[in-house]
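Undergrad: Just dropping this structure here.
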Amino acid sequence: MHAIILVGGRGTRLQPLTDSRPKPMLPILGAPFLEHQLLYLKGHGVTAVTFACGFLPDEIRSYFGDGERLGLELTYAIEPEPLDTAGAIAFAAREFGLTDRRLLVCNGDVLTDLDVSELIAAHDAHDATATIALTPVEDPTRYGLVRTGDDDEVLAFLEKPTLEEAGVDRYINAGTYVLEPEVFELVPEGARVNIEREVFPKLVGRRLHAIGFDGYWNDIGTFESYRRANADAAAGRIAGIAPSERNARRWVSPDAKVASGADVGAGSVVLAGAVVEDGAELIGSVVLEGAFVGREVFLEDVIVGEGARIEPAQLVAVGDVIGPGVGSTAR
Ligand code: GDD
Ligand code: MG
C-alpha cells in the first residue's frame, strides 16, 4: 500500500522549536518523530510513502533520502506554495501518478499505534469512498469532530467545533484516512483546499465512513503534547517505541553527558550531545540536542531547545520553553 504523509505545515504552535526544523523532524527519544511513523507504517504493510512537503522540505529529504535504510520507497512532492491539506494530498498524488489507486493518508504529527489493517478492513466492509480513523478526546475543540450514525457512516464533520457544537460527542478525526480516487474529483488542480472543512463535509452522504480506535493517540503539535509524547515513549506506553531502560520512565541518550549527581526524573528525556551538570533536577522535561543545563538548575515540564544554555542555578519557570541556541554565545 502507498501512503501519503502530510508534512508541509509551518508548526506554528511549536515555535521557536520549529523555526529551523519542521515539526515532523522533532525528536521522540532518539529519532525524529517521522522515523517512528515510517516504521509504524511499514509494520502495517506500507511499502511506499510520498511526503507532501511544504515548509523546510530539505531537512526531511536529506535525512531519509530514498528510504533504502528503512526498507521503504520514499518520494517527495514539494508544493510551490502551501495548498492546505487536500490540495497537498492531491498535488502529491498527481505528481507521482497515484490518483488511480486507493491511498492511505496520514497527518505528519500524530503519534499512534492505531491498527491500519483494521481501518482498511472497515473501509472494505463498507465499500467506502473514504474512511476516517477516530479517537476519543476530552476536549474536541482543537480537532475535527466526527459524528457517526448507523453502520459507522459519517453524519457530520466539524473542524475545530465550539464546545456547544460538539455537545456530548468526543470522537475526533485521528488524522489517518483511506481515500479512494473519487475523492480527488473534489480537489481542482493547483487549488488550495482544506480536506477537513471542504472535502469531508461534501462527502457526507456519499459513503464516507469512520471507525473508532482506543489505543495510544497524541498529536505532538503543542508544547504540552510534545513533552507528553516523549514522556509516554520513555515510559514504554507506545507500541513500537522501545524505551532503553525498562520501568525507568525516563530516557537519556547514550551520547548525552549527565553527571552522576544530576537527577533526571520521571518523564524526562535528554538527547544526544546535551550536558546536565551535578545537582540539576529534571521532572517531565525534554532537553534537546547539544543543550546545556548547569549545576543546581531545576526544570519542571520544560523544553530546552537544541544548543540552548541554562546557566548554573538559573531560575526557569515551570512549563517554560527555551528556544534553540538561547543563552549560548556560540549562537
Ligand atoms: N503539505 C502540506 N501543505 N501540509 C500541510 C499544510 C499544507 O498547506 N497544512 C497543514 N499541513 C500538514 C501539517 O504538517 C500536519 O501534518 C497536517 O497537515 C495537519 O495539520 P495541523 O496543522 O497539524 O492540523 P491540526 O492538528 O490543527 O488538525 C488536524 O489534525 C487533527 C488531529 O491531530 C485535522 O486533521 C483535524 O481534523 C484532526 O482532528
Ligand atoms: Mg496537528
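Undergrad: Would you check which residues across region 29-79 are within 16 Å of ligand 1 (Cβ to nearest atom) and part of a strand (DSSP E or B) and list them?
TA: PRO32, VAL49, THR50, PHE51, ALA52, CYS53, LEU74, THR75, TYR76, ALA77, ILE78
Undergrad: Quickly run through region 51-75 and pick out the residues that are closer than 10 Å to VAL7 by Cα and at pLDDT 95 or above. I'd like the intermediate steps shown before the answer.
TA: Let us first name the residues in region 51-75 that are closer than 10 Å to VAL7 by Cα, namely 51-57, 60.
PHE51, ALA52, CYS53, ILE60 - these are the residues of region 51-75 that are closer than 10 Å to VAL7 by Cα and at pLDDT 95 or above.
Results for (1) of a type outside the set (D, E, K, R); (2) more than 15 Å from PRO24 (Cβ to Cβ); (3) assigned by TED's automatic domain parsing to the domain that holds SER20, shown as yes or no for each residue.
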| residue | (1), (2), (3) |
| --- | --- |
| GLU59 | no, no, yes |
| GLU68 | no, yes, yes |
| GLY71 | yes, yes, yes |
| LEU74 | yes, no, yes |
| GLU81 | no, yes, yes |
| ILE89 | yes, yes, yes |
| GLY97 | yes, yes, yes |
| ARG101 | no, yes, yes |
| LEU104 | yes, yes, yes |
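Undergrad: Conditions: (1) touching a residue at least 24 places away in the same chain (Cβ under 8 Å); (2) away from ligand 1 (no atom under 15 Å from the Cβ). GLY167 meets all but one. Number of the miss?
TA: (1)
Undergrad: Related question: If you take the residues in region 111-127 that are touching a helix residue (DSSP H, G or I) at 6+ places or on another chain (Cβ under 8 Å) and aliphatic (A, V, I, L, M), which one is nearest to ligand 2 (Cβ to nearest atom)?
TA: Taking the candidates together, the pick is LEU111.
Undergrad: Can you tell me which residues in region 90-105 are within 16 Å of ligand 1 (Cβ to nearest atom) and either touching a helix residue (DSSP H, G or I) at 6+ places or on another chain (Cβ under 7 Å) or without any contact (Cβ under 8 Å) to a residue 60 or more places away in the chain (or both)?
TA: Going through region 90-105, the residues within 16 Å of ligand 1 (Cβ to nearest atom) turn out to be 90-96, 98, 103-105.
Passing the criteria: ALA90, ALA93, GLU95, PHE96, LEU103, LEU104, VAL105.
Undergrad: Here is a further query. For region 89-127, which residues satisfy the criterion of being among the acidic types (Asp, Glu) and either closer than 15 Å to TYR177 by Cβ or at pLDDT 95 or above (or both)?
TA: Within region 89-127, the subset among the acidic types (Asp, Glu) is 95, 100, 109, 113, 115, 118, 124, 127.
Scanning region 89-127 gives GLU95, ASP100, ASP109, ASP115, GLU118, ASP124, ASP127.
Undergrad: Give the residue that is nearest to ligand 1 (Cβ to nearest atom), with candidates limited to residues of region 80-89 that are among the hydrophobic types (A, V, I, L, M, F, W, C) and part of a helix (DSSP H, G or I). Full working, then the answer.
TA: Of the residues in region 80-89, the ones among the hydrophobic types (A, V, I, L, M, F, W, C) are 83, 86, 88-89.
The next check asks that each one be part of a helix (DSSP H, G or I); those that pass are 86, 88-89.
Details: ALA86: 9, ALA88: 3, ILE89: 8 Å.
Within region 80-89, the match that is nearest to ligand 1 (Cβ to nearest atom) is ALA88.
Undergrad: Step by step: first the residues of region 171-195, then only those that are out of contact with any Leu (no Cβ under 8 Å at 6 or more places or on another chain) and surrounded by fewer than 20 Cβ atoms within 10 Å (Cβ to Cβ), then the one that is nearest to VAL146 (Cα to Cα). Which residue is that? Before the answer, list the steps.
TA: Quick first cut of region 171-195, residues out of contact with any Leu (no Cβ under 8 Å at 6 or more places or on another chain) only: 175, 180-182, 184-185, 187-189, 194-195.
Subsequent filtering for residues that are surrounded by fewer than 20 Cβ atoms within 10 Å (Cβ to Cβ) retains 180-182, 185, 188-189, 194.
Numbers: GLU180: 19, PRO181: 22, GLU182: 21, GLU185: 22, PRO188: 25, GLU189: 27, ASN194: 16 Å.
For region 171-195, the residue satisfying everything is ASN194.
Undergrad: OK, next. List, please: which pairs have Cβ atoms under 6 Å, are six or more places apart or on different chains, and start with a residue in region 219-232 that is within 17 Å of THR135 (Cα to Cα) and end with one that is assigned to a strand (DSSP E or B) and more than 12 Å from ligand 2 (Cβ to nearest atom)?
TA: ALA229/ILE28
Undergrad: Shifting gears a bit: Would you confirm, using the coordinates I've provided, whether SER253 is outside the structural domain of LYS23 (by TED's automatic domain parsing), among the polar types (S, T, N, Q) and away from ligand 2 (no atom under 16 Å from the Cβ)?
TA: On the way: outside the structural domain of LYS23 (by TED's automatic domain parsing): yes; among the polar types (S, T, N, Q): yes; away from ligand 2 (no atom under 16 Å from the Cβ): yes.
Yes, satisfied.
Undergrad: I need the full set of residues from region 253-273 which are assigned to a strand (DSSP E or B) and closer than 12 Å to VAL293 by Cβ, in order please.
TA: Step one: filter region 253-273 for residues assigned to a strand (DSSP E or B), giving 257-258, 263-264, 269-270.
Answer for region 253-273, where residues must be assigned to a strand (DSSP E or B) and closer than 12 Å to VAL293 by Cβ: LYS257, VAL258, ASP263, VAL264, VAL270.
Undergrad: Name the residues in region 49-69 that are within 23 Å of ALA174 (Cβ to Cβ) and either more than 16 Å from ligand 2 (Cβ to nearest atom) or not small (Gly, Ala, Ser) (or both), would you?
TA: Step one: filter region 49-69 for residues within 23 Å of ALA174 (Cβ to Cβ), giving 49-55, 60.
VAL49, THR50, PHE51, CYS53, PHE55, ILE60 - these are the residues of region 49-69 that are within 23 Å of ALA174 (Cβ to Cβ) and either more than 16 Å from ligand 2 (Cβ to nearest atom) or not small (Gly, Ala, Ser) (or both).
Undergrad: In region 213-235, which residues are away from ligand 2 (no atom under 16 Å from the Cβ), surrounded by fewer than 17 Cβ atoms within 10 Å (Cβ to Cβ) and not aliphatic (A, V, I, L, M)?
TA: Selection gives ASP214, GLY215.
Undergrad: Only one of SER244, SER225 is of a type in the set (Ser, Thr, Tyr) and modelled with pLDDT under 95; which? Can you show your working first?
TA: Details: SER225 fails: modelled with pLDDT under 95.
Being of a type in the set (Ser, Thr, Tyr) and modelled with pLDDT under 95 holds for just one of SER244, SER225, which is SER244.
The values are calculated or read from the model by the stated rules, or taken from the named source; none is laboratory data. Keep in mind it's a predicted model, so treat the numbers as computed, not measured. Note: ideal-geometry Cβ built from the backbone for every residue, glycine included; neighbour counts use all protein chains shown.
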